[in-house]
Amino acid sequence: MLASSPVGAAKANAVLGTAKKATVLQELIISGVSVGGATIVTNPIDVVKTRLQLHSSTGSAVDRPGLFRTGITLVREEGAASLMRGMSPAVARGFLYGGMRLGLYGPCRDALQAVAGVPSSGNPATAATTGAAPRQGLAALGLKAGAGIISGAIAAGVTSPTELVKTRLQAKGCESSSTWAVMRQVVSEGGVLALWRGSVPSMARAALLTASQLATYDTVKRDVMKYSGWGDSLATHLTSSCFAGLVTTTVTNPADVIKTRMFVTGGSKARGITQTAMDIVRNDGLSGFFKGWTANYARLGPQTVIIFLISETVRNALGLEGL
């Protein structure tokens, strides 16, 4: 494995030191391809997660379905093809939203660090060996989180209609079977702006998602490279992305539940963020905000790993700096 010793790490760093910095366009394309590919693999789990989050927990604990029970019931009642519902808008959104969310993170991070006078993260290999003072490291972490918030919110705001359509298609009882049919239905119910229903919690979730996912991966990767001697290797990418997936799922689940409820409820039954949140607390308690956590992690965990592995592999093949 690359950089299994200090000598190997030094060689890896030397090689990475010649890597080129990706342009903004390259960042957008690589990120879009990475997220789009991961979306295809994890779409079935996303469908199950959506059904779990839409299920009310007013009954006893015994009656509340879990991840596997929901999946089995879904296949039995609607067929195996139901696990691929919403695939088209999901992949389209993955490419556009993922491309913007991850692709804009690096430029936003570098810009914030330049404004704040904090040394740029730069090449992961050299950054891992030089280290940083604790206070400087904390400031850099805060700026990384800030960059994630900005890029995530922008991406979600622009692509919110695709998320709404995908969620409607995945929900039980959806009469429409195509993306355009759902869009026409939404517009007929509330006009064009109705396509952005739930965009605020969606932007909040995306901001939290990108801040936690990218900042965690960015920070853990540099620490692993610094202390493990693995270098910028597959083991480093796997370890860092697994940590990022766990943190991201926990941070984003509450906003994800609110967003899902708002996306599905339309027409005269449409409710705002505060009303939706109060309904969740009233019916399910505070634990309702973590409904579908297991399904969410089963999707977001592997998705995070796949995204970063594809991204790092493509970057390496193109001779570009790692994330």
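No value in this document is a laboratory result; all are computed from the given coordinates. The shown structure was predicted, so the numbers you read here are calculated from the model rather than taken from an experiment. Neighbour counts are summed over all protein chains in view; Cβ atoms, including those assigned to glycine, are modelled from backbone coordinates with ideal geometry.
Measuring between their Cα centroids, the range 69-124 and the range 279-323 lie 8 Å from each other.
For the pair K226 and F68, what calculated FRET efficiency results from E = 1/(1 + (r/R0)^6), where r is the Cβ-Cβ distance and R0 = 56 Å, to the nearest 0.05?
Numbers: r = 40 Å, r/R0 = 0.71.
About 0.90, to the nearest 0.05.
Put in order of Cβ neighbour count within 10 Å, fewest first, the listed residues V247, V186, V192 become V192, V247, V186.
In which sequence would T313, T18, T276 go, from the one with the fewest C-beta neighbours within 10 Å to the one with the most?
Details: T313 14, T18 9, T276 19.
Going from sparsest to densest Cβ surroundings: T18, T313, T276.
For the residue pairs K20/K259; K20/K166; K20/K144; K166/K291, alpha carbon separations beyond 31 Å are given by K20/K259; K20/K166.
Between amide H atoms placed 1.01 Å from N, distances below 5 Å from L320 occur with K20, all of them 5 or more places distant or on a separate chain. A crude spin-label estimate for the pair Q26 and T250, with each label 7 Å from Cα along the Cβ direction, gives 3.6 nm.
If R0 equals 22 Å, the separation of the Cβ atoms of S188 and M84 corresponds to a calculated FRET efficiency of about 0.25.
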